[in-house]
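In what follows, a structure is listed as structure tokens, so that the remarks can point back to it.
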Amino acid sequence: MNQMGEQHLAVVVLAAGAGTRMKSSKPKVMHEIAGLPLLGHALATASSLGASFVVPVIRHQKDVIAPYIEAFYPNALVAEQDEIPGTGRAVECALAVLPADFRGAIVVTSGDVPMLDVATLEGLLDAHLSQGAAATILTAHLDDPHGYGRVVRTSDGSFLKIVEDRDATKKQLEIREVNAGVYVFDAQHLRTALGRIGLHNSQGEKYLTDVAAELLAEGFDVQGIPVTDNWLVAGINDRVQLSEVAAELNKRICEAWQMAGVTIQDPSSTWIDVTVELGQDVTLLPGTYLHGITRIGGGSTIGPEVVLIDTEVGEAASVVKAHATGSKIGDGASVGPFSFLRPGTELGADGKIGTFVETKNAKIGAGSKVPHLSYVGDAEIGIKSNIGAGTIFANYDGINKHRSKIGSHVRTGSDNVFVAPIEIGDGAYTAAGTIVRRDVAPGELAMNVAPQRNLADWVIQKREGSAAANAALEAKAAGATDKTSTEN
């Protein structure tokens, strides 16, 4: 990595801006791509540098941002920017929460640049330390530099200054090398320079970029190093940019998994969060969305048209046209099509949750099947049992939820209703159309016995003139004719 030990490194992440161009009630840095808020990507990269201090700077909607930082990055030192505007002031506020005797390098990044990676920051640090510079600035060459601060160089190519877009002259606006918003500073020089710069610009802000000019004026070395991949420093200011960066990041995630041995049939319609883990020889078919803490075991096939959120899938399993959240699917199991697995669903090895089946808080044992048209809620099913079509686990009495327990090797008939709480013992059967209200002992057959009644000519009398009544009359007449012919 870099030549500096972690005790000499701090990373400041700027996240105090209002983000008005997002036109959102949610802070810009809390909008998500690839399973993390923009700020989460930036803090993950900062934390991976091994610095002893990571300092996010917040202000606007801090009541939303601060709890996220506390929950996921509890070791971060949160700094709050005051009413003085500008990136320079934000960094001053960050310095105020660092130990007064901190010496070393300070990396400054932004909370809205999610693709910046550890390797790029390590390279920037190495260049900074090897040259003994007071400041090292990451730059980028853009075809359309509008809106970005321009990097002005001397005739021999040395770094001279950064001019913000609104303060640039007509000639300076033609420059295509821009400030990427990523810096490394020597801590002592940064403190001194920030104390000397003011708010003398069109926006009345304290620019961090003015630190470079101040350091050069004092005779210190400042260097600008171009990034090799502009996507790494792509900032997000509106929802168009949010979708563009999300698509590019997802493309790279898919490519990385393909290189690791995963088949992705259509990467353009497959979305994978950075928090997802895939085994070797997994196959992802079109329309697959893998979100949150999702794990897919080797040899499994997912898709087409599947959404998995915080779900674990074992090896050699199959999930087709299904939606699952907070669920576990065992080795060799099959799910779908048109299945809905709600949180708390556990399907054992070689089990099946089939067509138009909804499950919730249900544990289904190895080899057991719920093939079609059923609801299984608050239930436990043993091994190698079969739940008949159209079965409903009636788990709610209007006030409380109750559980049902179905044993192993149970066979339930079609169109059953299990009124919880009930228990059906191992090896028991239930007949078609049964409403089970009492426990069924092992090996018993449960059924509701009621004689069938057929009311003669009810349709003809009660639905006179209808198509059904006319059809019945015709059928009766034809039957009478057939009977007469037979008797003759």
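The values are calculated or read from the model by the stated rules, or taken from the named source; none is laboratory data. Since the model is a prediction, treat every value here as computed from it, not as a measurement. Here the Cβ positions follow ideal geometry from the backbone for every residue, glycine too, while neighbour counts run over all protein chains shown.
Filter the range 235-270 down to the residues that are in contact with a strand residue (DSSP E or B) (Cβ under 9 Å, 6 or more places away or on another chain) and in contact (Cβ under 8 Å) with a residue 40 or more places away in the chain, then identify the one that is nearest to Y148 (Cα to Cα).
G235
Answer yes or no: is there a residue in the range 27-34 that is closer than 20 Å to L124 by Cβ and either modelled with pLDDT of 95 or more or assigned to a loop (DSSP other than H, G, I, E, B) (or both). Break it down stepwise before answering.
Residues of the range 27-34 that are closer than 20 Å to L124 by Cβ, as a first pass: none.
For the range 27-34, residues closer than 20 Å to L124 by Cβ and either modelled with pLDDT of 95 or more or assigned to a loop (DSSP other than H, G, I, E, B) (or both): absent.
With the checklist (1) within 17 Å of I33 (Cα to Cα); (2) touching a residue at least 24 places away in the same chain (Cβ under 8 Å); (3) surrounded by 18 or more Cβ atoms within 10 Å (Cβ to Cβ) in hand, flag the one item V274 doesn't pass.
Looking at each condition in turn, V274 falls short on (3).
Every residue in the range 214-245 that is assigned to a helix (DSSP H, G or I) and crowded, with 19+ Cβ neighbours inside 10 Å, please. Give the derivation first.
Pass one, the range 214-245, residues assigned to a helix (DSSP H, G or I): 214-217, 230-233, 239-245.
Hits for the range 214-245 are E214, L215, L232, V233, L242, V245.
Determine whether the range 182-194 contains at least one residue that is over 18 Å from L95 (Cα atoms), assigned by TED's automatic domain parsing to the domain that holds P37 and either of a type outside the set (A, V, I, L, M) or modelled with pLDDT under 95 (or both).
Here is the first cut: in the range 182-194, the ones over 18 Å from L95 (Cα atoms) are none.
No, there is no match, as no residue in the range 182-194 is over 18 Å from L95 (Cα atoms), assigned by TED's automatic domain parsing to the domain that holds P37 and either of a type outside the set (A, V, I, L, M) or modelled with pLDDT under 95 (or both).
State all residues of the range 27-51 that are touching a residue at least 40 places away in the same chain (Cβ under 8 Å), touching a His at 6+ places or on another chain (Cβ under 8 Å) and of a type outside the set (V, I, T); if no residue qualifies, say none.
A34, G35, L38
Among the residues of the range 168-175, is there at least one that is in the same structural domain as L95 (by TED's automatic domain parsing) and under 26 Å from A10 (Cα atoms)?
Keep residues of the range 168-175 that are in the same structural domain as L95 (by TED's automatic domain parsing), which gives 168-175.
Okay, now just the ones that are also under 26 Å from A10 (Cα atoms), so none.
No: the range 168-175 contains no residue that is in the same structural domain as L95 (by TED's automatic domain parsing) and under 26 Å from A10 (Cα atoms).
Show the residue pairs that are 6+ apart or on different chains and have beta-carbon atoms under 6 Å apart, the first residue being within the range 328-343 and charged (D, E, K, R), the second being assigned to a strand (DSSP E or B).
K328/E312; K328/E346; R342/K360
Under the condition of being within 37 Å of the chain's Cα centre (by Cα) and in a strand (DSSP E or B), which residue from the range 163-183 is surrounded by the fewest Cβ atoms within 10 Å (Cβ to Cβ)?
E177
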